[in-house]
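Working notes, structure below.
The values are calculated or read from the model by the stated rules, or taken from the named source; none is laboratory data. Every value quoted in this text rests on a predicted model; they were computed, and no experiment measured them. Glycine also receives a Cβ, built like all others from the backbone with ideal geometry; neighbour counts cover every protein chain displayed.
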Amino acid sequence: MSFDSIIFDMDGTLWDAVDSYCEVWNATIADLGFDRQPVTRSELASLMGLPLTVIYDRLIGSGYDHEAFMERLGVNEESMMPRLGGVLYPGVKETIARLAQSKRLFMVSNCQASGLPNFLTFTGLEPYFTDHLSYGQTGREKDENIRDIVERYGLAKPLYVGDTQGDCRSTHAAGLPFAWAKLGFGRDVEGADYELEHITDLVPLCEG
């Protein structure tokens, strides 16, 4: 297909950082003295891709100081994630480097404001990407941030790559085709325009 650009999700699409996020969440719970059991990997993995406010509601709920938690969570993520990082899926570095030779690359995620910069610095992939937007930066839903990138850079034939049903819905709401990264956290995603068994499948898809 003749795509001129590719917009990537982060978690579950390019890497797995759930164990690190659990450390950040549990450090925040401990810092604020919340009477809550530690967040587990399975709990957090099941919520990946949702906006942070929704994840908070599912994991922490009412009865706690939401504003204080989110503020402390942001501080802890900004200080801890550059050290903890995540694990890139096989072939990601090579695929990104290859695609960047002929496509403009972007990232749009529902993470905190520091999430995408931390990812790009930790992985060394920053030179390959033109720009990025997150929920934490704008406070807007993913489809709005996708449209922002498309309009800002005048993208003619962009493709969004994500791993969950929510990614698929947001992509289509923004008017883009969606490629489902099947190694991620989403299961039984319906309506994907393309399916990627591995991230390396993007090369033949995008280069024809």
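Cβ-Cβ distances below 6 Å connect the following pairs, each with a first residue in region 114-131 that is more than 28 Å from Glu71 (Cβ to Cβ), a second residue that is modelled with pLDDT of 95 or more and not in a strand (DSSP E or B), and a separation of six or more residues or different chains: Leu125/Ile96; Tyr128/Ile96; Tyr128/Ala100. Criterion applied to Gly136, Gly175 was being in contact with a Ser or Thr (Cβ under 8 Å, 6 or more places away or on another chain) and in contact (Cβ under 8 Å) with a residue 12 or more places away in the chain, and the one residue passing it is Gly136. State whether one or more residues within region 97-105 are within 24 Å of Thr53 (Cα to Cα) and in a strand (DSSP E or B). Looking for residues that are within 24 Å of Thr53 (Cα to Cα) and in a strand (DSSP E or B), one finds none in region 97-105, hence no.
Working only within region 110-120, note down all residues that are hydroxyl-bearing (Ser, Thr, Tyr) and modelled with pLDDT of 95 or more. None - no residue of region 110-120 is hydroxyl-bearing (Ser, Thr, Tyr) and modelled with pLDDT of 95 or more, so the list stays empty. I'd like to know if region 132-141 contains one or more residues that are under 15 Å from Leu50 (Cα atoms) and of a type in the set (D, E, K, R). Within region 132-141, one or more residues are under 15 Å from Leu50 (Cα atoms) and of a type in the set (D, E, K, R). Listed by first and then second residue, the pairs linking a residue in region 158-171 that is under 19 Å from Cys206 (Cα atoms) to a residue that is part of a helix (DSSP H, G or I), with Cβ atoms under 6 Å apart and 6 or more places separating them unless they lie on different chains, are Pro158/Val150; Tyr160/Thr171.
Tell me which residues, restricted to region 150-208, are crowded, with 22+ Cβ neighbours inside 10 Å, among the small types (Gly, Ala, Ser) and part of a helix (DSSP H, G or I). Hit for region 150-208 is Ser170, nothing else.
Each row is one residue, and each column tells you yes or no for (1) within 17 Å of Glu23 (Cβ to Cβ); (2) surrounded by fewer than 16 Cβ atoms within 10 Å (Cβ to Cβ); (3) modelled with pLDDT under 95.
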position: Pro38; (1), (2), (3): yes, yes, yes
position: Met48; (1), (2), (3): yes, no, yes
position: Thr53; (1), (2), (3): no, yes, yes
position: Ile60; (1), (2), (3): yes, no, yes
position: Asp65; (1), (2), (3): no, yes, yes
position: Leu73; (1), (2), (3): yes, no, yes
position: Glu77; (1), (2), (3): yes, no, yes
position: Gly85; (1), (2), (3): yes, no, no
position: Leu105; (1), (2), (3): no, no, no
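Within region 148-157, being more than 16 Å from Met10 (Cα to Cα) and either free of Cβ contacts under 8 Å to residues at least 12 places away in the same chain or under 16 Å from the mean Cα position of the chain (by Cα) (or both) holds for Glu151, Gly154. Within region 54-95, the residues that satisfy the criterion of being in a helix (DSSP H, G or I), in contact (Cβ under 8 Å) with a residue 40 or more places away in the chain and not polar (S, T, N, Q) are Phe69, Arg72, Leu73, Gly74, Glu77, Glu78, Met80, Met81, Pro82, Leu84, Val92, Glu94. The condition of being at pLDDT 95 or above and not aliphatic (A, V, I, L, M) holds for only one of Asp193, Asp188, that being Asp193. Flag set for Gly49, criterion: on the phi > 0 side of the Ramachandran plot and either assigned by TED's automatic domain parsing to the domain that holds Glu197 or in contact (Cβ under 8 Å) with a residue 60 or more places away in the chain (or both).
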